Structures are given as structure tokens and as C-alpha cells.
């Protein structure tokens, strides 16, 4: 008898759950997953994909000569391959330039997506920009989640005037247009990728805080919390061991799906010129490069199409992938449908 | 209701106080000379920053500084914008109508189109119409405002040679400036499509409308895509409720069930969302004004942020806070008006 009570209840396997079945049958979900996986692969294998066009500094920091680069970086058995894939030097994020001509150059065999104004290789920028996108997206969501968990957790678990105060602050933050707030922070502090990411995280947390607070209020009312209290557990222990783990699951899943919209905000900022330094592989900046070349010379209005179509497509596709995935997961988790 | 209105309106100064406190607080991270720009009135004064630091106690403790700032701000002195080459307050007056015109022309079509499409999609759930609306909405929701704007500039303006970039064609801008100087054109509201007809200048209004088409389309597509989704799911929620079944059971025509019963209730969450959307619209305005070269608040703010024009950015943030809070108050009041079940005690 005691054994039956003490033994953990069997968990329903994820692969046989209703949510997973519903997700699998949704063609839009599969499309989203395919797009996201494609970008993950591009990001992971960025060094191999761009081995033939790396910048001089990047090759130097990898300890490679140009003549060996392709062979070494496309050979998974070499140590350099793994070093470049797992911990590439910062200089590799600089887009190599072919000449310094301010006029963009149409796609060619050597530069399949063309050169942006300033001689920046668009293909290289897009491939390494995928890494930047994931890096920024994951980090910002992580920081925003952390803030949201602390504030939403405190508000939901402690209740009373703390709850009231924290939720009013959250309301104000929630209503404020994010881009404006980020502009304030970036103008006052320095304009580096780190500041921008922190600023966006500071804007993004209220959603998570609200959601967690709601979940915690529901969890708190359940019997096992009372049981833990009756057994003499400290409030901190109840919070960390019982309430939080039972409230946080869906939140983390849904937050991770926000990577797309976070990348969108960062891209909008760098498009405005408030992004990382010029030449850093970043999609928003690549669109910014195109700004002077949207309409071509008289007679050839679409002459420079490649300067904005490729980076624009990369951002839109990335965000689309995450949005499709997010929609499907939300649908699958929604108990109403 | 009256008491609620008063209480809600009293929140406005409170929110502005908190926001300004945060903003002035953030400014403490800047050196005094950079802060001094927030108190300057003219270009000449920029040369005498030391005196301004003395005069406004910019090396004093924070409460003293905040008090000085507040007194100044209440007198309409929000500092001098380097980008605008004019006081921040003047920039507000000049540029707010420009942005307001863009935002108003985008806001109402967005609401109407997305309510219409959302309801249609919900009624035709899982059929071709619904699938099309859903796929299109997720696509436009994913396209960044700036990419869509650039695409429209390149294809519609550049290739098809339709509509225009900027606010007015250059010859009309010069013409208007002359007319205003000679007091023959009176900018009553600053909105070209309103002032034009009032002054008998229908050509100005027509040109302004033509220049609004592309930025407004950009905003409507991007913002509408989000709203359609909400409207659709809200309508689906309502259609699943008991009163809809009752209405059908008593033999009401489907049209009456959809449009008289379900849609009215489905609109309630949209009102709340419209407030949030207004905030997003401000984000969108910054970007569209930059792309379409419209001399509104957003373009000014974007340039100010790039050139580190702090007084301009801080003023812009304050104004945004004011607009967003006001919009939210209006939404709350509308909410109570529309839904008789909601009562504020």
C-alpha cells in the first residue's frame, strides 16, 4: 500500500501524447519545423559553407592558409573543422569584402547572391548572420525568461502588496512600445550587441511574468502544496521544489518559440542603424546596406534587387518558421480545441 | 461610471511621473555635459554648457535635478534637439500631425479589414477561405515591416511608377511653404488631407493621399495580420458557446446568428487589443517613416537615436508614454461602454 502511494505515477510518454499527435498531423507545423531545422543546419555548418570565401583575419585566427581552407573546413575529421564549428573566432563574423566599391554588384559565379554596397559578400553575411540570429534569439529569450521568472514568481507566490506593485510595473512595461524603450536605452548606453540584447530582454519579460504568475496562482491552490506545507517544508522549498516546476513547463516552451519575433526586433533595430558595428554578419544590417539602392537608376528600377531580396527573405523565412512552429505548438497545447 | 472615469484619468499623470522619473534617472548615467543638452533652448547656448550645468544644478543630487527638470518640462522646455536644430517641443508640434495622419489612416482600415476577414475565416472554419486567410496572415505576420516597405518601394514605386515617396511632391512642398509665409494657406490641424480642403486646396489633399498609400498599406498588412488571427479565434470562441446554439435552435437565420449575436461579443477582446495595437503602430511608424521618407516623429526619433541626440529621444519616449497611456484609458472606457456586463466598482 505504502509502496503504491510513494511510487511515482507513470508519466504518459511524449511520443504517444495527444499534443504530439495533433502537432504531427498539422502540415503547417511540419513546414515550420523544416524551416527551423534548415536554419539550424546553416548556422551549425556556417564555416564549412563559407570555407572558400573566409576573410583574412578569420583564416589567420583559425591558423589556416587560404589554399587549405576548403579542404580542412569541409573535412569533419580535422580538428580545425570542429574548432571553427564550435568556437569560431570573432573575426569570422566580419563579412569579407571584395573591393570597396560603394555600388552593389550583381550575383556572379563567385558571389552567388551578389555584393552589397561596400563590397560585402551577401552570401557570407547571410550564412553567418544565421548564427547571429540564433545567438541573439536564444540569449535574449533566456534573459527575458529569467527576469520574468523572478518577477512573475515573486508576484504569484508572495501575493499581497508585492503582487500588486510588481504587476502594475509589468502593466506599464507591457503597454510601452518596445522599440522606443530600446531606442532610449541604446542612446543612453553604448550601442553594442550586448546592450541591444539586454535592452530587448528588458522589454520582453512582462509577457512571461504575467503568464508565470497566472500558472503559479493555479498551482498554489492545489492539494500537494498544502501537503508539502503540512509536512513542514519551508516556503522557499515549496516554491522551488513544488510550485515552480509545476508552473513553468508550458512557459518555457512558449518562450522558446519567441526566438523568431525577438530576431525580428533586433533586425528592425539594426535596419535603423542601431545594430552591431558595421560589417558584422547580421541580417538587419544587410537590409540596411540596401537602403540607398532600393530603386535603381532610371530605366532599370529593379537593378539592385539582390541587395534587399536575399536578406529580407532570410529574415522573413526565419520568423515564418518560428511562427508556424509556435502556432502549431500553441494549438496542440490548447485544451479547448 | 463617472467615478471610474475620474480615477482612470488620474492615472495618466501618475504614469507620466513614473516614466519621467525612470528617464531622468537613466540620464544620470550620462556625463553632466550631455545631460545639459536637455535644458538648452537654442543653438547658441550649446557653446555655454558649463553655465547651464551650473544653472540647472546638473551636478547636484538626483532629487534636485529631477525637480529642476520637472519645472522646466512643465513650462514646455524639453531641451534642444540637435537633429531637428530646434527645441524638442517645436519638433513635437511640427511632426506630430505628420505621424498622426499616417497612424490614423492606417489604424481604422486595419481594424475594419481584420475584423471582416477574421469573422469570415471563423464562419468558414477549415474551408478554403479560412485556410487562405490563415496562411496569408501568418506570412504577413512574419515579414518584417521594413522588408515589406522596401519591397513596396522597389516594385510599386520604382517599377510600376505608382504613388509617391515622402509626404508631398517637392514642388508642392515649396508652394505650400510660400503660401503659409504669405498667410494664404492656414495649417489649422497640420493634417494635409484636412487642411487642404479647408483652404480650398484639393490638389494638396489628393497628392498627400497618394503619398500615404504605400506606407499605409505596409502598416495595414503587417498589423492587420496579427489582428485577423485574434479576431478569428475570438469569433470561434463565441461560436462555440451555448447562446449561439440556442439562437440556431430557435430557427434564426445563420446571418443573424453570426452578425447580430456572435460578432458583437467577439469584438470585445478586439477593443483591448486595439489599445496594444496602437503601441505597435508607433513602432511601425518609426520604421515606415524612415523607409518612405516621411518627416514625422518616427523619422526624427530614428535619426536622433543614430546621432545620439538624447533630448530628442527622451522627449519622444515621454510623448510615446503619454499617447500609449491615453490610448489605454480610452480603451478601458470603451470597454465599459460596449459591454454592459463590465462594471467598475
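Points to keep in mind about this one:
- Counting every alpha-carbon pair across region B:74-128, the share separated by more than 19 Å comes to 57%.
- Proxy reagent accessibility, fewest Cβ within 10 Å first, across A:304, B:92: B:92, A:304
- Taken as Cα centroids, region A:172-247 and region A:88-148 sit 32 Å apart, rounded to the nearest whole angstrom.
- If the chain linking residue A:80 and residue A:135 were pulled fully straight, counting 0.36 nm for each residue of separation and taking away their Cα-Cα distance, it would gain 17.7 nm.
- Scoring B:78-86, B:186-194 by mean Cβ neighbours within 10 Å over their residues and listing the highest first yields B:78-86, B:186-194.
- Equivalent ellipsoid semi-axes - Cα gyration tensor, chain B, angstrom: 42, 28, 18
- Förster radius 30 Å - calculated FRET efficiency between residue B:6 and residue B:90 (Cβ-Cβ, nearest 0.05): 0.35
- Evaluating kT/(6 pi eta Rh) at 4 °C and 1.567 mPa s, with the Kirkwood radius of region B:190-252 over Cα pairs in the Stokes-Einstein relation, gives 84 µm² s⁻¹.
- For peptide A:264-270, the mean count of partner chain Cβ atoms within 10 Å of a residue's Cβ comes to 3.
- With the simple spin-label model, which puts each label point 7 Å out from Cα in the Cβ direction, the residue A:253 to residue B:70 separation comes to 4.9 nm.
- Inter-chain neighbour count for B:305-315: the average number of beta-carbon atoms from partner chains within 10 Å of each residue's beta-carbon is 4.
- Ellipticity at 222 nm from helices only: DSSP H runs of n ≥ 4 in chain B, each -39500 (n - 2.57), divided by the residue count, give -24000 deg cm²/dmol.
- Computed over chain B, relative contact order equals 25 percent, with contacts defined as Cα pairs under 8 Å that lie 6+ residues apart.
- Ascending count of other beta-carbon atoms within 10 Å, so fewest first, for A:174, A:100: A:100, A:174
- For region B:250-320, the relative contact order comes to 17 percent (Cα pairs under 8 Å, sequence separation of at least 6).
- Computed over region A:22-143, the P(r) curve from all C-alpha pair distances, binned at 10 Å from the origin, holds 13, 36, 32, 15, 4, 0 percent per bin.
- Angle in degrees between helix A:305-333 and the longest Cα principal axis of chain A, rounded to the nearest 10: 20 degrees
- Diffusion coefficient of region A:128-226 by Stokes-Einstein, Kirkwood radius over Cα pairs, 20 °C, 1.002 mPa s: 147 µm²/s.
- Take each residue in A:184-191, count the other chain C-beta atoms within 10 Å of its C-beta, and the mean is 6.
- Fewest-first sequence of A:259, B:329 by Cβ atoms within 10 Å of each Cβ: B:329, A:259
- Here the Kirkwood formula, the inverse mean of 1/r across different C-alpha pairs, assigns region B:158-232 a hydrodynamic radius of 14.1 Å.
- Rounded tilt (10° steps) of A:259-272 against the dominant C-alpha axis of chain A: 40 degrees
- The spread of Cα positions in region B:227-345, taken along each principal axis and listed from longest to shortest, comes to 66, 37, 17 Å.
- Evaluating kT/(6 pi eta Rh) at 10 °C and 1.306 mPa s, with the Kirkwood radius of region A:94-140 over Cα pairs in the Stokes-Einstein relation, gives 141 µm² s⁻¹.
- Cα convex hull of region A:231-337 - mean projected area over all directions, nm²: 11.4 nm²
- Rg of the Cα atoms in region A:206-292, relative to 2.2 N^0.38 Å, amounts to 1.76.
- Computed on the protein assembly as shown, the Cα convex hull volume stands at 236 Å³ per residue.
- Placing a pseudo-label 7 Å from each Cα along the Cα-to-Cβ vector at residue B:18 and residue B:178 gives an inter-label distance of 5.3 nm.
- Packing, as the average of other Cβ atoms within 10 Å across residues, places the peptides A:83-92, A:137-146 in the order A:137-146, A:83-92, highest first.
- A simple spin-label model places pseudo-atoms 7 Å from Cα toward Cβ; at residue B:326 and residue A:233 they are separated by 5.1 nm.
- Here the relative contact order of region A:236-324, from alpha carbon pairs under 8 Å that lie six or more residues apart, stands at 27 percent.
- Cα gyration tensor category, rounded, prolate or oblate, for chain A with a/c compared to 1.5: prolate
Each value in this text was obtained by applying a stated rule to the coordinates, not by laboratory testing. Predicted, not measured: the structure shown is a model, and the values here were computed from it. Note that we place each Cβ from the backbone using ideal geometry, even for glycine, and neighbour counts take in every protein chain shown.
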